[in-house]
Structures are given as C-alpha cells and as structure tokens.
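Structure record follows, encoded as structure tokens.
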Amino acid sequence: MIIVSGHLYVAPEVRDAYLAGCVEVVEQARATAGCLDFALAADLVEPGRINVYERWESEAALEAFRGDGTSDEQSVQILDAEVHRYRISSVEPA
C-alpha cells in the first residue's frame, strides 16, 4: 500500500478556487482502479494551506493515475509544498 500525504500552500485568497478546480481530479482518482482514498481539503487553521491525503493499493496504481501531475495553471498557484510518499508493509484496524 502507498500513502501520499502532506500539504501545499497557495495564496489564501485563491484557496477556495484552487480546490474547486481540483474536484474533477478527486473524482477521477476515486474512480481509478487501485485508489483506496483521495482527498484534498482546506486546513482549518492556516488560510492558504491545503491538506493532501491519498491511499493506493500499489505503486503501479498510483503511477498509472499520476501521469503528468498537476496542470500548469494549478502548478503556478502552489507557493510551497511538502508531500511525501510512504510505502506501507502492513495495515491493522484501529
């Protein structure tokens, strides 16, 4: 299992528009074979922060979806980002 998690920053005044522009990507990801979860969400405390969470069955499923990554229009809005990929070897119910 692969988890992609972290956060990115956009200007606070464009965050809502940025997230609205991501709706189709989230829908596509969730419909992709091997996607277990996919979420982008406004942070409750920091006005320009967007939290990222993805969970995939495998590296191959993630790479098949990822393709070229974010659009140029979205990329130029990202001021900073810290997102990491984690390879999980076992999972237990909480």
>> Every residue in the range 5-17 that is surrounded by 13 or more Cβ atoms within 10 Å (Cβ to Cβ) and either touching a helix residue (DSSP H, G or I) at 6+ places or on another chain (Cβ under 7 Å) or farther than 17 Å from Ser75 by Cβ (or both), please.
In response: Ser5, Val10
> Applying the selection to the range 26-54, what residues are part of a strand (DSSP E or B) and either touching a Ser or Thr at 6+ places or on another chain (Cβ under 9 Å) or not charged (D, E, K, R) (or both)?
Replying inline: Cys35, Leu36, Phe38, Ala39, Leu40, Ala41, Ala42, Ile50, Asn51, Val52, Tyr53, Glu54
> From Tyr18, Tyr86, which residue is modelled with pLDDT of 95 or more and either on the phi > 0 side of the Ramachandran plot or not in a strand (DSSP E or B) (or both)?
Replying inline: Tyr18
> Given the conditions (1) over 12 Å from the mean Cα position of the chain (by Cα); (2) at pLDDT 95 or above, and given that Ala42 satisfies all but one, which numbered condition is not satisfied?
Replying inline: (1)
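On the basis of being loosely packed, with under 14 Cβ neighbours inside 10 Å and in contact (Cβ under 8 Å) with a residue 40 or more places away in the chain, does Tyr86 make the cut?
Values: loosely packed, with under 14 Cβ neighbours inside 10 Å: yes; in contact (Cβ under 8 Å) with a residue 40 or more places away in the chain: yes.
Spelling it out, Tyr86 is indeed loosely packed, with under 14 Cβ neighbours inside 10 Å and in contact (Cβ under 8 Å) with a residue 40 or more places away in the chain.
Got at least one residue in the range 60-67 being among the aromatic types (Phe, Trp, Tyr) and either in contact with a helix residue (DSSP H, G or I) (Cβ under 8 Å, 6 or more places away or on another chain) or loosely packed, with under 11 Cβ neighbours inside 10 Å (or both)? Spell out the reasoning first.
Going residue by residue through the range 60-67, those that are among the aromatic types (Phe, Trp, Tyr) are 65.
From what is left, the residues that are either in contact with a helix residue (DSSP H, G or I) (Cβ under 8 Å, 6 or more places away or on another chain) or loosely packed, with under 11 Cβ neighbours inside 10 Å (or both) are 65.
Yes.
I need the full set of residues from the range 44-56 which are over 16 Å from Ala17 (Cβ atoms) and in contact with a His (Cβ under 9 Å, 6 or more places away or on another chain), in order please. I'd like the intermediate steps shown before the answer.
Quick first cut of the range 44-56, residues over 16 Å from Ala17 (Cβ atoms) only: 44-46, 51-56.
Hits for the range 44-56 are Glu46, Asn51, Val52.
The values are calculated or read from the model by the stated rules, or taken from the named source; none is laboratory data. Computed from a predicted structure; not experimentally measured. Here the Cβ is made from the backbone with ideal geometry for all residues, glycine too, and neighbour counts use every protein chain on show.
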